[in-house]
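Undergrad: Below is the structure I would like to discuss, written out as structure tokens.
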Amino acid sequence: MQILIIGGAGYIGSHMVQLARRAGFAVVVLDDLSSGHADALHNVELVVGSLADRALLDDLFTRYRFAAVMHFASFIQVGESVKEPSKYYANNLSATLNLLDAMRKADVASLIFSSTAAVYGNPDYHPIDEAHPKQPINPYGRSKWMVEQILEDYDRAYGLKSICLRYFNAAGADPTGSLGERHLPETHLIPLVLQAAAGRSSHIAVFGTDFDTPDGTCIRDYIHVVDLCDAHLLALQHLLATRQSARYNLGNGEGYSVQQVIDTARQVTGREIRVRNEARRAGDPARLVANAHRVRHELGWKPCRAALATIIADAWQWERKYPWIVAPA
Ligand code: UDP
């Protein structure tokens, strides 16, 4: 069975390509390589191009008979989305709409969509379940929530079925060390902490120590990229088998503070990690922890690499294997 993985050269997408192929799917990747890396793909057909290019999409959907599409291609930096909302609405919303219409025309009626915990905004209660009010507080979260709503309309009107997966904090790397996170510039906590451990940066900046949490730093729910992709595979199989749209949170249901992440990284790496306390980053909620019972119950998802030390150890292996991945100055 053939599937299209959009953004398959990126961090999560490349792990998904590997897993989908192991599960027996024939995979074609569409990626504009704006942040992905062609060398993350091995013996996979890569089409380099933009989701905004309708002619390219129509051509792709004519050449292949895809059973489903998985869509990982979006801009993900909250701060940037506040400064440049146009970039986020153009790519995350408008280009995605282009994709939906190309799928509709080609009669491809199954989509796995990467959504985010940012659709919940500042949470009213914890842990956050899927019924929690959607009140995104930045253009990134709003762009994802708008697509989720559009998908409901497209389901009702055109029968386009989708599973939206609301990620909490994806982290870690393939345990064999063959794939990992390579954002340029890197903004995520765990890879930045490990860059400090490796001596590639002088310290880790902690954004805020005055939150209403036990140690004053922000709490997040970190989920291993391999577990995240397992959930995508289950979602894909479920969607193809049942033709039922659904929305699921993806997290472990355990929150760790920035301080706990740094302490665990010190233990895992045995390295000194220097810290500098800085001001809060705009738009960071104090705590984001998932209630992921629905995906466990309905899809039978069971994370295998949930421990924070495992997530950090796998990311550390990648960091050490690829010391050449240095952000340009
Ligand atoms: N963070 C930090 N220093 C950094 C990067 C992130 O203190 O250099 C904090 C950030 O404020 C948040 C947590 O780490 O509380 C996770 O941030 P990340 O950017 O990894 O993911 P997000 O939660 O924004 O999706």
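The values are calculated or read from the model by the stated rules, or taken from the named source; none is laboratory data. Because the structure is predicted, anything quoted here is derived from the model rather than measured. A quick note on method: Cβ atoms are made from the backbone with ideal geometry, for glycine too, and the neighbour counts reach across all protein chains shown.
Table: residues versus (1) closer than 22 Å to Tyr154 by Cβ; (2) crowded, with 22+ Cβ neighbours inside 10 Å; (3) modelled with pLDDT of 95 or more.
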residue: Met16; (1), (2), (3): no, yes, yes
residue: Ala20; (1), (2), (3): no, yes, yes
residue: Ala26; (1), (2), (3): no, no, yes
residue: Glu80; (1), (2), (3): no, no, no
residue: Leu93; (1), (2), (3): yes, no, yes
residue: Asp101; (1), (2), (3): yes, no, yes
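Undergrad: Is it the case that the stretch 145-163 has a residue that's within 16 Å of the ligand (Cβ to nearest atom) and within 30 Å of Ala38 (Cα to Cα)?
TA: Yes.
Undergrad: Another question, if that's okay. So in the stretch 170-185, with the set limited to residues that are of a type in the set (D, E, K, R) and at pLDDT below 95, which one is surrounded by the fewest Cβ atoms within 10 Å (Cβ to Cβ)? Reasoning before the result, please.
TA: Taking the stretch 170-185 and keeping what is of a type in the set (D, E, K, R), we get 174, 181-182.
When the remaining residues are screened for being at pLDDT below 95, the result is 181-182.
Values: Glu181: 23, Arg182: 20.
Restricting to residues being of a type in the set (D, E, K, R) and at pLDDT below 95, the top hit is Arg182.
Undergrad: Right, next: With the condition kept exactly as written, say whether any residue in the stretch 274-285 is buried (at least 21 other Cβ atoms within 10 Å of the Cβ) and either within 12 Å of the ligand (Cβ to nearest atom) or not hydrophobic (A, V, I, L, M, F, W, C) (or both). Write out each step before concluding.
TA: Let us first name the residues in the stretch 274-285 that are buried (at least 21 other Cβ atoms within 10 Å of the Cβ), namely none.
Taking every residue of the stretch 274-285 in turn, none turns out to be buried (at least 21 other Cβ atoms within 10 Å of the Cβ) and either within 12 Å of the ligand (Cβ to nearest atom) or not hydrophobic (A, V, I, L, M, F, W, C) (or both).
Undergrad: Please determine whether any residue of the stretch 116-135 is among the aromatic types (Phe, Trp, Tyr), in contact (Cβ under 8 Å) with a residue 12 or more places away in the chain and closer than 26 Å to Ala52 by Cβ. Quick ask: steps written out before the conclusion?
TA: At the first step, the residues of the stretch 116-135 found to be among the aromatic types (Phe, Trp, Tyr) are 120, 125.
With in contact (Cβ under 8 Å) with a residue 12 or more places away in the chain added as a condition, the list becomes 120.
Filter once more, keeping what is closer than 26 Å to Ala52 by Cβ: none.
No, the stretch 116-135 has no match at all.
Undergrad: Give me the residue from the stretch 186-234 that is assigned to a loop (DSSP other than H, G, I, E, B) and buried (at least 21 other Cβ atoms within 10 Å of the Cβ) and, out of that set, nearest to the ligand (Cβ to nearest atom).
TA: In this case the residue turns out to be Cys218.
Undergrad: How many residues does the stretch 235-244 contain that are buried (at least 18 other Cβ atoms within 10 Å of the Cβ) and free of Cβ contacts under 8 Å to residues at least 40 places away in the same chain?
TA: Matching residues across the stretch 235-244 total 0.
Undergrad: Looking at Arg296, Arg247, which one is more than 14 Å from the ligand (Cβ to nearest atom) and free of Cβ contacts under 8 Å to residues at least 40 places away in the same chain? Talk me through it step by step, then tell me what you get.
TA: Working: Arg247 fails: free of Cβ contacts under 8 Å to residues at least 40 places away in the same chain.
Result of the check over Arg296, Arg247: Arg296.
Undergrad: Could you check Thr176 against (1) more than 13 Å from the ligand (Cβ to nearest atom); (2) touching a Phe, Trp or Tyr at 6+ places or on another chain (Cβ under 8 Å) and say which number it fails?
TA: (2)
Undergrad: Taking the conditions exactly as written (at pLDDT 95 or above, assigned to a helix (DSSP H, G or I) and either among the charged types (D, E, K, R) or within 30 Å of Arg280 (Cβ to Cβ) (or both)), does Gln237 satisfy them or not?
TA: Values: at pLDDT 95 or above: yes; assigned to a helix (DSSP H, G or I): yes; either among the charged types (D, E, K, R) or within 30 Å of Arg280 (Cβ to Cβ) (or both): no.
No; evaluated as a whole, the condition is false for this residue.
Undergrad: Which of the numbered conditions does Tyr167 fail, given that it passes all the others? Conditions: (1) of a type in the set (Ser, Thr, Tyr); (2) at pLDDT 95 or above; (3) more than 16 Å from the ligand (Cβ to nearest atom).
TA: (3)
Undergrad: A further question on this structure: Looking at (1) in contact with a Gly (Cβ under 7 Å, 6 or more places away or on another chain); (2) more than 15 Å from the ligand (Cβ to nearest atom); (3) within 26 Å of Glu254 (Cβ to Cβ); (4) of a type outside the set (S, T, N, Q), find the lone condition where Ala118 falls short.
TA: (2)
Undergrad: Still on this structure: Determine whether Gly8 is under 22 Å from Gln77 (Cα atoms), within 17 Å of the chain's Cα centre (by Cα), assigned to a helix (DSSP H, G or I) and at pLDDT 95 or above.
TA: Details: under 22 Å from Gln77 (Cα atoms): yes; within 17 Å of the chain's Cα centre (by Cα): yes; assigned to a helix (DSSP H, G or I): no; at pLDDT 95 or above: yes.
Against the criterion (under 22 Å from Gln77 (Cα atoms), within 17 Å of the chain's Cα centre (by Cα), assigned to a helix (DSSP H, G or I) and at pLDDT 95 or above), Gly8 does not qualify.
Undergrad: A further question follows. Name the residues in the stretch 145-185 that are in a helix (DSSP H, G or I) and of a type in the set (D, E, K, R), would you? Even if it seems obvious, please write down each step before you answer.
TA: If we filter the stretch 145-185 for residues that are in a helix (DSSP H, G or I), which is where we start, we get 145-158.
Those that are in a helix (DSSP H, G or I) and of a type in the set (D, E, K, R): Glu148, Glu152, Asp153, Asp155, Arg156.
Undergrad: Only one of (1) at pLDDT below 95; (2) within 19 Å of Lys144 (Cβ to Cβ); (3) not β-branched (Val, Ile, Thr) fails for His42. Which number is that?
TA: Single failed check for His42: (2).
Undergrad: Which residue out of Ser143, Ser110 is buried (at least 17 other Cβ atoms within 10 Å of the Cβ) and closer than 19 Å to Asn169 by Cα?
TA: Values: Ser110 fails: closer than 19 Å to Asn169 by Cα.
That would be Ser143, the only listed residue that is buried (at least 17 other Cβ atoms within 10 Å of the Cβ) and closer than 19 Å to Asn169 by Cα.
Undergrad: Just checking, which of Lys134, Lys161 is of a type in the set (Lys, Arg) and touching a strand residue (DSSP E or B) at 6+ places or on another chain (Cβ under 6 Å)? Reasoning before the result, please.
TA: On the way: Lys134 fails: touching a strand residue (DSSP E or B) at 6+ places or on another chain (Cβ under 6 Å).
Only one candidate qualifies: Lys161.
Undergrad: Additional query: Counting only residues that are over 19 Å from the mean Cα position of the chain (by Cα) and assigned to a loop (DSSP other than H, G, I, E, B), how many does the stretch 69-112 have?
TA: Qualifying residue count, the stretch 69-112: 4.
Undergrad: Shifting gears a bit: Give me a count of the residues in the stretch 1-24 that are of a type in the set (A, V, I, L, M), in contact (Cβ under 8 Å) with a residue 60 or more places away in the chain and closer than 17 Å to Ala170 by Cα. Break it down into steps so the answer makes sense when it comes.
TA: Going residue by residue through the stretch 1-24, those that are of a type in the set (A, V, I, L, M) are 1, 3-6, 9, 12, 16-17, 19-20, 23.
Now narrow it down to the ones that are in contact (Cβ under 8 Å) with a residue 60 or more places away in the chain: 1, 3-6, 12, 16, 19-20, 23.
Narrowing the set further to residues that are closer than 17 Å to Ala170 by Cα leaves 12, 16, 19.
Going through the stretch 1-24 one residue at a time, the tally reaches 3.
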